[in-house]
Amino acid sequence: MLTDSQVHALRSRFPILSRKIYLNSCSQGALCDAVEDGFREYLASWHEHGSPWDIWVAQYEAARTQFAQFIGATADEVGILPYASAGMNSVASALSFDERNKVVLGEFEFPTMGHVWLAQQKRGAQVQFVSAVGNSIPSENYERAIDRKTLIVPVTGVCFMNGYRSRVSEIVSLAHANGALAMLDDYQDCGTRPVNVKESGVDFYVSGTLKYLLGPPGLAFLYVRRELIEQLEPTITGWFAQRNPFAFDVKTLDLSPSARRFEAGSPMVPNVYAAMRGIGLLQEIGMNNVAAQIARLAQALLQGANKLSIKAKTSEDSVGPLVVLQCADAPALVTKLAASGVICSSRHDGLRLSFHVYNTMDDVQAVLAVLERHLELMTRLDTVRAD
Ligand SMILES: Cc1ncc(COP(=O)(O)O)c(C=O)c1O
């Protein structure tokens, strides 16, 4: 657990935190000095050397190794992509829907996950959405949908709309028991706690750098379980997916034996430099420390909201990072909070308040004070409380 003075020292590295209460890491992580330095280092290398592709490719390979360590994988199991959707599409393009054709996914997935698989209907996919009950999706609903015709079960770690944490291990077990694959979309959680893809048993893991990994947009990672890599031949491809991109052989398709086969074009070099610094900072802080700070704040906000009789969409025992409160007018509340220096966002009728290791109890108190002044914009708990 970090001490207050450690958190304060950390906060001084994120200039925006001296001016704003930043609760929008679910959309974009705050910018820190290390990430800015990463961009500077890239620019310096460009100035200095003109076209140092050997240095840049080495940096891109270092990013692969760093992320692999971060999630408990090996470097050859990680592909680097411009965005998470590209990783999902690359996997989808490599699957055949002949023997098994069902794609089973919950209705709390980020829209891109639906779009990627709905687009595969032309290739024979049958997409089945698992219904939610209120703000959760009971495992029984997955159990009813997953069967021997199921090819893949994509699942979001945390839902972007209501902060719901999927029961990933149960869903992965259900998928595997039926001979199906499991894909974890961890974009809303990666960077908030330790991750071990081997322990979770997922076949595919996808995330990007712009949220809790503290990096810029324009960089994402795809993990593919070692045993699957060479069985899968993406049809969305390009020269950086080849065994030797620098063979420059237009007439031969020779996919890399590693997860680089899920990539396509030139590496996103500036973003690689910057993103590595963000991940490096998290590694220095320690992911258990990050998780503990986030859990403490998420719990405090949920308890404070409950005291104000505000209805939360996120479960009361949530350890974060995203807490979503139900509103009568969520966009109006975002505007009111912005006027008080709080940066957050809304989706539908939910006010999204997300925590990272750089947030404090003062942030929680400040946001609760604004909410208390605008209770008419919130959905209230209808139970009358004795206290
Ligand atoms: C859970 C989740 N998955 C995927 C995405 C989209 O990723 P990308 O734009 O990198 O394809 C987001 C973006 O907010 C997200 O929250």
Task: Cross-chain or 6+ apart pairs with Cβ under 8 Å, region 201-217 first and within 19 Å of Ser93 (Cβ to Cβ), then of a type in the set (Val, Ile, Thr) and part of a loop (DSSP other than H, G, I, E, B) - done: Tyr205/Val195
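More than 20 Å from Ala292 (Cα to Cα), part of a strand (DSSP E or B) and modelled with pLDDT of 95 or more, is that true of Ala175? Full working, then the answer.
Numbers: more than 20 Å from Ala292 (Cα to Cα): yes; part of a strand (DSSP E or B): no; modelled with pLDDT of 95 or more: yes.
Considered against the rule, which asks whether it is more than 20 Å from Ala292 (Cα to Cα), part of a strand (DSSP E or B) and modelled with pLDDT of 95 or more, Ala175 comes out as no.
Which of the residues that make up region 49-89 are assigned to a loop (DSSP other than H, G, I, E, B) and within 16 Å of the ligand (Cβ to nearest atom)?
If we filter region 49-89 for residues that are assigned to a loop (DSSP other than H, G, I, E, B), which is where we start, we get 50-52, 72-74, 82-83.
Correct list: Pro82, Tyr83.
Looking only at region 187-206, filter to residues that are closer than 17 Å to Val357 by Cβ and surrounded by 20 or more Cβ atoms within 10 Å (Cβ to Cβ); which one of those is nearest to the chain's Cα centre (by Cα)? Let's see the steps before the verdict.
Just the residues of region 187-206 that are closer than 17 Å to Val357 by Cβ, to begin with: 188-195.
Remaining after also requiring surrounded by 20 or more Cβ atoms within 10 Å (Cβ to Cβ): 188-192, 195.
Details: Gln188: 4, Asp189: 5, Cys190: 5, Gly191: 8, Thr192: 10, Val195: 12 Å.
So, considering only residues that are closer than 17 Å to Val357 by Cβ and surrounded by 20 or more Cβ atoms within 10 Å (Cβ to Cβ), the one nearest to the chain's Cα centre (by Cα) is Gln188.
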- [ ] Within region 6-16, identify whether any single residue is assigned to a loop (DSSP other than H, G, I, E, B) and over 18 Å from Gly280 (Cβ atoms), and answer yes or no.
- [x] no
Open item on the list: When the residues of region 58-98 are narrowed to those that are touching a residue at least 24 places away in the same chain (Cβ under 8 Å) and acidic (Asp, Glu), which ends up surrounded by the most Cβ atoms within 10 Å (Cβ to Cβ)?
Closed with: Glu77
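Taking Ala92, is it within 16 Å of the ligand (Cβ to nearest atom), aliphatic (A, V, I, L, M) and within 22 Å of the chain's Cα centre (by Cα)? If you could, list the steps in order and put the result at the bottom.
On the way: within 16 Å of the ligand (Cβ to nearest atom): yes; aliphatic (A, V, I, L, M): yes; within 22 Å of the chain's Cα centre (by Cα): yes.
Taking the combined requirement at face value, the residue satisfies it.
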- [ ] Enumerate the strands (runs of 3 or more DSSP E) found wholly within region 268-387, keeping only those where 1 or more residues are buried (at least 16 other Cβ atoms within 10 Å of the Cβ), among the hydroxyl-bearing types (Ser, Thr, Tyr) and without any contact (Cβ under 8 Å) to a residue 40 or more places away in the chain.
- [x] 345-347
Task: Filter result for Phe221 (in contact (Cβ under 8 Å) with a residue 60 or more places away in the chain, within 16 Å of the ligand (Cβ to nearest atom) and farther than 23 Å from Ser27 by Cβ) - done: no
TODO: Please list, ordered by first then second residue, the pairs with beta carbon atoms under 7 Å, 6 or more apart or interchain, first in region 164-179 and in contact (Cβ under 8 Å) with a residue 12 or more places away in the chain and under 15 Å from Ile152 (Cα atoms), second of a type outside the set (A, V, I, L, M) and exposed (fewer than 14 other Cβ atoms within 10 Å of the Cβ).
DONE: Asn178/Arg148; Gly179/Arg148
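For region 187-203, state whether one or more residues are in a strand (DSSP E or B), under 23 Å from Thr150 (Cα atoms) and within 16 Å of the ligand (Cβ to nearest atom).
Of all residues in region 187-203, those in a strand (DSSP E or B) come to none.
No; the residues of region 187-203 include none that is in a strand (DSSP E or B), under 23 Å from Thr150 (Cα atoms) and within 16 Å of the ligand (Cβ to nearest atom).
For the structure I just gave you, tell me whether Leu23 is closer than 27 Å to Phe129 by Cα and surrounded by 22 or more Cβ atoms within 10 Å (Cβ to Cβ). Outline the logic, then answer.
Working: closer than 27 Å to Phe129 by Cα: no; surrounded by 22 or more Cβ atoms within 10 Å (Cβ to Cβ): yes.
No: the conditions fail for Leu23.
Return the residues of region 17-35 that are assigned to a helix (DSSP H, G or I) and touching a residue at least 60 places away in the same chain (Cβ under 8 Å); say none if nothing qualifies.
First pass over region 17-35, keeping only residues assigned to a helix (DSSP H, G or I): 17-18, 33-35.
Selection gives Leu17, Ala34, Val35.
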TODO: Might you let me know whether region 278-294 holds any residue that is hydrophobic (A, V, I, L, M, F, W, C) and in contact with a Cys (Cβ under 9 Å, 6 or more places away or on another chain)?
DONE: yes
TODO: Among the residues of region 106-125, write down those that are touching a Phe, Trp or Tyr at 6+ places or on another chain (Cβ under 6 Å) and more than 12 Å from the ligand (Cβ to nearest atom).
DONE: Glu107, Arg123, Gly124, Ala125
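The values are calculated or read from the model by the stated rules, or taken from the named source; none is laboratory data. Just so we're clear, the structure is a prediction, and the values are computed from it rather than from any experiment. Methodologically, a virtual Cβ is constructed for each residue, glycine included, from the backbone with ideal geometry; neighbour enumeration extends over all protein chains shown.
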